[in-house]
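Asker: Take this structure first; my questions come after.
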Amino acid sequence: MLLFDAVIIFYCLAGTTLIREVHEVFYALDRSLEEGRQQVARIVGRDTSELSAQEVRTAALETLAENLSDGVIAPLFWFALLGTPGMLAYKMVNTLDSMIGYKTERYKDFGCWAAHIDDVANYLPARLTALLMILASGKLNLLAFVWKNGPRHASPNSGYPEAALAGILNCRFGGPHYYFGQLFDKPYIGENERPLTTADMKKAVRVNRVAEIWMMI
């Protein structure tokens with residue numbers, strides 16, 4: 001039974017995989033913008049063919065923050081509450097949302113249910129993720145920033161870990177993006193529109209790692 005649980009936990013946690021992918025985005029971008037666009041397309045749902053270098057970096061870091069919640073903290077949260085069945089149920093809900101939970105013409109009639117269920121499942125884990133990120137950074141003064149900027153996101157949950165990382169890096173996330181050829185005008189999170197660098201990526205990865213350790217503890 002313990003071996004079964006260990007295998008399920010291993011396959012349900014996605015932190016290491018995404019961190020590796022985010023590294024690759026930044027290194028690909030160092031080689032060329034087109035390589036960076038192609039690499040970030042592996043981990044985001046938005047259209048990437050017209051992204052600038054700054055937008056590629058922003059997309060990767062936004063996804064890193066959101067995935068810390070969806071891919072690590074939330075599965076562990078539901079495992080702690082309901083064991084392996086709870087973790088598996090959460091992963092099924094989250095996977096369905098990532099596949100069809102879009103407000104586009106194609107998915108609006110049935111994808112909304114996947115999105116709503118995912119919203120409920122992630123409500124507490126998303127806010128816990130933001131708190132763990134702030135603790136990992138040692139910047140407790142960012143709590144007010146997160147609670148102010150987190151609700152600006154179209155998702156009731158994703159904005160909280162993204163706001164935490166935007167505050168930690170003192171940068172700006174969000175803005176308009178295309179999904180399946182349709183423009184979504186997302187509000188900005190943060191105000192400092194500064195260029196993002198590989199050093200920012202490495203700092204974000206460190207915060208993620210420490211937050212994961214806090215959650216395990």
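Asker: What is the Rg over Rh value, at two decimals, for the stretch 168-217, using alpha-carbon atoms and the Kirkwood definition of Rh?
Answerer: My calculation of the ratio gives 1.12.
Asker: Rank these residues by their accessible area, most exposed first, probe 1.4 Å: Val40, Val210.
Answerer: Val210, Val40
Asker: Could you go through the stretch 54-66 in sequence order and give the Karplus-derived ³J(HN,Hα) for each residue, using 6.51 cos²θ - 1.76 cosθ + 1.60 with θ = phi - 60°, rounded to whole Hz, and x for Gly and Pro?
Answerer: Per-residue couplings from phi come out as 4, 5, 5, 5, 4, 4, 5, 6, 4, 5, 4, 5, 5 Hz.
Asker: Another one. May I ask you to list the residues of the stretch 63-77 whose amide nitrogen lies under 20 Å from a point 7 Å from Cα along the Cα→beta-carbon direction of Leu96?
Answerer: 70-72, 74-77
Asker: Can you list residues from other chains, or at least 5 along the same chain, whose modelled amide H is less than 5 Å from the amide H of Gly175?
Answerer: Lys186, Tyr188, Ile189
Asker: Using the basic label-point model (7 angstrom from Cα toward the beta carbon), what is the His23 to Ile217 distance in nanometres?
Answerer: Inter-label distance under the simple model: 2.4 nm.
The values are calculated or read from the model by the stated rules, or taken from the named source; none is laboratory data. None of the values given here were measured: they were computed from a predicted structure. In this analysis, Cβ positions are derived from the backbone assuming ideal geometry, glycine residues included, and neighbour counts consider all displayed protein chains. The area values use the complete protein model at the heavy-atom level, side chains included, leaving out ligands, DNA and RNA. Shrake-Rupley method; radii C 1.70, N 1.55, O 1.52, S 1.80 Å.
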